[in-house]
Amino acid sequence: MLLIIGPALTGCPSPPPDPLIKELQQKVDALSVEKDRLQHDLDNSQKALKAAEERIQTLQGLPQKPFLFTVDHIELEGLTGGSDYDGQPGDDGVTAFIRPRDADGDILKAAGRIEVDLFDLTMPGNPVALARRVVEDEKDLLKSWYGKFLTNHYAVQCPWEPDKPPQHDEVLVRVTFTDYLTGNVFVDSKTVHVTLPPAAK
């Protein structure tokens, strides 16, 4: 009897997998993947927190008044004045040469927003705006900085507004510099001589 039953049992097909078990297994696999991702994020967050704590401890160990070189004032160099940009008679605007300086008077290559405004002072008490130029993008600031021998300054060209040249050969130049490091705002101004285009003359 055993010889007859054995082959019969061996030839029975295995039952098909239960769909519910298959679905549960897929959910378990998905949860396992999500658990690994969360653990990875947690590890990264703990590393970042540890690095931040170390930086805080370092900063707490610094003097309350760290020896940072920051901008104390700005100055418009004597080179600031009328400029001819197109090669035709008469100036086309003013080039402002700006030097940020620290409290000791040393020049700093400080990054900041530069605003150059030009005014015609023909009418006393009623200055006429002639032009405005703003330089604030990092690339534009780098292009404006000249750091070679005797040229440590920002050079910003400020052309007249279209069809609005000055009517007087003296122009007020006002520069506003907002230091990106401290947020402090510095202003300097000076009156410069310009060569009027023939039409203005």
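Charges were assigned to the Cβ only: +1 to each Lys and Arg, -1 to each Asp and Glu. The resulting dipole of the chain about its Cα centre is roughly 600 debye. Of the labelled options (1) -0.74, -1.07, -1.26; (2) -0.83, -1.13, -1.27; (3) -1.03, -1.20, -1.25, which one gives log10 I(q)/I(0) by the Debye sum over Cα atoms at q = 0.13, 0.17, 0.19 Å⁻¹ as computed for this structure? Checked against the structure: label (2). Ranking Ala131, Ala103, Pro197 by how far each Cα lies toward the positive end of the dipole of the chain (charges on Cβ) leaves Ala103 at the top.
Length available on full extension from Lys190 to Glu54: 0.36 nm per residue minus the Cα-Cα distance, which gives 44.2 nm.
Would you please put 185-191, 92-98, 136-142 in order of how densely packed they are, using the mean number of other Cβ atoms within 10 angstrom per residue and starting with the highest?
Top to bottom by mean Cβ count within 10 Å: 92-98, 185-191, 136-142.
Each Cα pair under 8 Å and six or more residues apart adds its sequence gap; the mean of these over the residue count of the chain is a relative contact order of 20 percent. Accessible surface calculations at 1.4 Å, restricted to protein heavy atoms, place segment 53-201 at 62 Å² per residue. When you restrict to C-alpha pairs under 8 Å that are six or more residues apart and normalise by the size of segment 143-201, the relative contact order lands at 29 percent. Between 0 and 90 degrees, rounded to the nearest ten: what's the tilt of helix 19-60 against the longest Cα principal axis of the chain? Compared with the principal axis, the helix lies near 40 degrees.
In percent, how large is the relative contact order of segment 92-172, given Cα pairs closer than 8 Å and 6 or more residues apart?
39 percent
To put it simply, the accessible area of segment 49-201 at a 1.4 Å probe is 53 percent carbon and sulfur. In terms of the mean number of neighbouring beta-carbon atoms within 10 Å, the peptides 111-120, 126-135 order highest first as 111-120, 126-135.
The values are calculated or read from the model by the stated rules, or taken from the named source; none is laboratory data. Because the structure is predicted, anything quoted here is derived from the model rather than measured. A quick note on method: Cβ atoms are made from the backbone with ideal geometry, for glycine too, and the neighbour counts reach across all protein chains shown. What goes into the accessible areas is simple: the full protein's heavy atoms, side chains included, and nothing from ligands, DNA or RNA. Shrake-Rupley method; radii C 1.70, N 1.55, O 1.52, S 1.80 Å.
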